[in-house]
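Novice: Please see the structure below; I have some questions.
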Amino acid sequence: MAVRDSIRKKGHGSGDKPHLNLVVIGHVDHGKSSLVGRLLLETGYIDSHLIEKYKKEAAEKGKATFELAWVMDALKEERERGLTIDVSYMRLDTSRYYITIIDAPGHQDFIKNMITGTSQADAALLVVAATEGIKPQTKEHSFLAKALGIDQMVVAINKMDGLKNQYDREYYYSLETELKTLLQQAGFKMDNVQFIPVSALCGDNVTKKSANLSWFKGPTLLDALETFSAPELPTNLPLRIPVEQIYSITGVGTVPIGRVECGMLKPGDKVIFQPSGKTGEVRSIQMHREPLHEAYPGHNIGFNVRGISKNDVKRGNVAGPIDNPPQVPKTFVAQIAILQHPGTISAGYTPVFHCHTATVACTFEKLLKKVDPRTGKVLEENPSFLKKGDIGVVQVRPIRPLVIEKFREIPQLGRFAVRDLGMTIAAGICLEVNKR
């Protein structure tokens with residue numbers, strides 16, 4: 001996967017500002033990439049002449065109005081198909097934060113990439129087109145975001161200019177009410193969610209107030225991003241860096257790409273990648289093409305490692321210290337919530353688990369307990385099946401080696417989503433690991 005870095009804005013270094021990872025999610029074609037492009041254009045991170053160039057090229061390809069999306073959608077296939085396929089990254093400095101924007105794909109065919117991007121984030125920007133309202137991926141992305149640890153969100157109701165009655169106040173508030181119901185069902189607290197009407201195409205309420213939305217007294221999108229709470233930095237935990245991609249760069253060597261979930265990394269550190277078992281020494285670290293002397297939790301980095309080749313490490317591997325390596329259990333015990341499933345789930349069921357950047361099929365070996373979702377009390381020992389709405393404790397066996405940690409010890413690597421039948425059927429946390 002190509003990591004697409006932003007051009008650093010003159011006069012805007014990160015300084016001592018806290019770093020925040022923001023994932024942009026939502027249904028396909030609701031304007032996620034265009035909204036990010038508009039935000040970067042109006043904050044000076046890209047030049048207007050580049051947008052004019054994209055506008056001409058997009059029109060020639062029959063993709064008029066896609067010029068802002070092309071800021072993030074740089075792959076040839078993305079531009080030809082008019083949709084985001086891979087996760088892309090851009091830097092944005094605000095007055096309060098140094099933000100890494102993670103633009104995630106909305107199409108259900110690329111949900112694995114969306115899960116990877118969301119698992120790296122501290123907060124989410126959910127984009128919903130006013131012209132279409134709540135769609136299947138609006139729902140799934142909302143549930144996945146909560147399952148993967150996102151607690152704070154801004155909801156941008158986009159394409160307000162595209163409504164039959166442009167910038168319709170009553171329609172906006174009716175859609176906001178529907179979205180509040182959806183997000184509450186997903187588990188979000190409304191105190192941590194803001195709703196904002198915008199138009200990415202016209203620039204309404206993205207970085208400055210718009211006369212078209214004079215009835216809206218809330219903040220602009222940029223102002224709303226400033227209200228997020230800074231994430232705590234779990235530097236006291238052992239180093240864990242799930243690998244998203246790995247490159248072999250001429251004159252540099254092997255460079256894994258990933259987010260530091262916990263712990264710290266410095267040049268000279270010796271690391272082990274699990275489950276591959278390969279070890280090496282960190283030679284250098286970069287983020288957004290700038291060298292780092294030390295990487296902290298939340299940093300999306302590339303780190304050159306001496307002693308390993310590109311084929312030694314794969315996506316889904318996790319880097320950690322040699323004296324405290326990432327856990328690769330034979331089986332693990334997990335608590336799961338069944339979000340949706342057309343039938344029942346029993347022992348032997350083998351869906352796909354998405355944990356950090358890993359995607360591994362896992363078998364429900366034993367159903368140990370059914371738990372009351374309100375009180376946590378055990379309703380049934382060794383139940384014969386679980387169904388939609390149930391909370392269960394299960395013993396799980398990965399089909400191939402998987403790094404997963406106890407949630408109470410390293411929560412960043414202890415949560416997961418479960419998918420099957422083209423949908424997210426469950427979310428859960430790891431309670432115990434049974435070592436190999």
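The values are calculated or read from the model by the stated rules, or taken from the named source; none is laboratory data. Everything numeric in this text was worked out from a predicted model, so none of it was measured. Cβ sites come from the backbone with ideal geometry, for glycine too, and all protein chains shown count toward neighbours.
Novice: Select from region 401-426 the residues that are in contact with a Phe, Trp or Tyr (Cβ under 7 Å, 6 or more places away or on another chain) and surrounded by fewer than 24 Cβ atoms within 10 Å (Cβ to Cβ) and list them in ascending order.
Specialist: Selection gives 414, 415, 424.
Novice: Shifting gears a bit: Checking residue 241 against (1) in contact with a helix residue (DSSP H, G or I) (Cβ under 8 Å, 6 or more places away or on another chain); (2) closer than 19 Å to residue 150 by Cα: exactly one of these is not met. Which one?
Specialist: (1)
Novice: For residue 185, indicate whether it is assigned by TED's automatic domain parsing to the domain that holds residue 209, farther than 24 Å from residue 358 by Cα and in a helix (DSSP H, G or I).
Specialist: Yes: the conditions hold for residue 185.
Novice: Just to check your reading of the model, which residue among 217, 208 is in a loop (DSSP other than H, G, I, E, B), without any contact (Cβ under 8 Å) to a residue 12 or more places away in the chain and surrounded by fewer than 23 Cβ atoms within 10 Å (Cβ to Cβ)?
Specialist: 217
Novice: Go over the candidates 170, 140, 176, 132 one by one and state the one that is in contact (Cβ under 8 Å) with a residue 12 or more places away in the chain, part of a helix (DSSP H, G or I), over 26 Å from residue 391 (Cα atoms) and not hydrophobic (A, V, I, L, M, F, W, C). Break it down into steps so the answer makes sense when it comes.
Specialist: Values: 170 fails: in contact (Cβ under 8 Å) with a residue 12 or more places away in the chain; 140 fails: over 26 Å from residue 391 (Cα atoms); 132 fails: part of a helix (DSSP H, G or I).
One residue alone meets the criteria, 176.
Novice: Oh, and also: Among the residues of region 315-330, how many are in contact with a Lys or Arg (Cβ under 8 Å, 6 or more places away or on another chain), surrounded by fewer than 18 Cβ atoms within 10 Å (Cβ to Cβ) and not hydrophobic (A, V, I, L, M, F, W, C)?
Specialist: 2
Novice: Additional query: So if I check each of 253, 268, which one is surrounded by 14 or more Cβ atoms within 10 Å (Cβ to Cβ) and on the phi > 0 side of the Ramachandran plot?
Specialist: Working: 268 fails: surrounded by 14 or more Cβ atoms within 10 Å (Cβ to Cβ).
The match here is 253.
Novice: Out of 46, 51, I need the residue that is assigned to a loop (DSSP other than H, G, I, E, B), farther than 29 Å from residue 335 by Cα, modelled with pLDDT under 85 and more than 11 Å from the chain's Cα centre (by Cα). Which one?
Specialist: 46 is the lone residue from the list that is assigned to a loop (DSSP other than H, G, I, E, B), farther than 29 Å from residue 335 by Cα, modelled with pLDDT under 85 and more than 11 Å from the chain's Cα centre (by Cα).
Novice: State whether one or more residues within region 332-341 are surrounded by 22 or more Cβ atoms within 10 Å (Cβ to Cβ), at pLDDT 95 or above and within 15 Å of residue 242 (Cα to Cα).
Specialist: No, region 332-341 contains no residue that is surrounded by 22 or more Cβ atoms within 10 Å (Cβ to Cβ), at pLDDT 95 or above and within 15 Å of residue 242 (Cα to Cα).
Novice: Something else: Counting just the residues of region 418-436 that are under 18 Å from the mean Cα position of the chain (by Cα) and over 19 Å from residue 369 (Cα atoms), which one comes out modelled with the highest pLDDT?
Specialist: If we take residues in region 418-436 being under 18 Å from the mean Cα position of the chain (by Cα) and over 19 Å from residue 369 (Cα atoms), then 419 is modelled with the highest pLDDT.
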